[in-house]
1. Suppose every K and R has +1 on its Cβ and every D and E has -1 on its Cβ; what is the size of the dipole of the range 1-102 about the Cα centre, in Debye to the nearest 20?
2. If you stretched the chain out fully between residue 96 and residue 72, how much longer would it get, using 0.36 nm times the residue separation minus the C-alpha to C-alpha distance?
3. What is the calculated FRET efficiency for residue 11 to residue 44, with r their C-beta to C-beta distance and R₀ = 25 Å, to the nearest 0.05?
4. Under a no-solvent Debye model with one identical scatterer per Cα of the chain, what's log10 I(q)/I(0) at q = 0.09, 0.12, 0.17 Å⁻¹?
5. Rounded to the nearest percent, how much of the accessible area of the chain (1.4 Å probe, protein heavy atoms only) is carbon and sulfur?
6. So for the pair residue 62, residue 89, with labels modelled 7 Å out along Cα→Cβ, what separation do we get in nm?
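The values are calculated or read from the model by the stated rules, or taken from the named source; none is laboratory data. Just so you know, these numbers come straight off a predicted model, no measurement behind them. Methodologically, a virtual Cβ is constructed for each residue, glycine included, from the backbone with ideal geometry; neighbour enumeration extends over all protein chains shown. Heads up: the accessible areas ignore ligands, DNA and RNA and are worked out on the full protein's heavy atoms, side chains in. Shrake-Rupley method; radii C 1.70, N 1.55, O 1.52, S 1.80 Å.
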Amino acid sequence: MAETIAWILKNKGHGIWSIPSDATVYDAITMMADKAVGALLVVAEETLVGIISERDYARRVILQGRSSKDTRVQEIMTRSLITVTPEDTVEECMRIMTQHRVRHLPVLANSKLVGIVSIGDLVKAIISDQAHTIDQLHTYITNKYPA
């Protein structure tokens, strides 16, 4: 089982797409589109200071009639971050995402940013684990009870 976030990051990679807090929201949305991601980490002086997501854009720019070219990331980013560690389990992270209604979790190791996981990453790990379990059960049944 891909039980820990470390396992997911090992397979997914530790790539992090980030943007400075003084960038425009337009630049952030453009980067999200280019990288095919739903959120960017906001970093200032190598420190994680927030996260900006498509949800932030929809709720804090579009619905408020603001201009993405005139609005800075720092004005709409989520500052109260929920983070996890590489040692956290997939199950625990799913619980956190459900409880807090978030789709992305920055991963910190010793206060250092080492990655990010999305709900898609967690679902993929769970499906992979279930497929592995099914395969093991199938092998057990076919070896135990030959036709």
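1. Value, rounded to 20: 400 debye.
2. Taking residue 96 through residue 72 to full extension adds about 5.8 nm, to one decimal.
3. With a Förster radius of 25 Å, E is 0.25.
4. Here the Debye-derived log intensity ratios amount to -0.35, -0.55, -0.94.
5. Here carbon and sulfur together make up 52 percent of the probe-accessible area.
6. About 3.7 nm, to one decimal.
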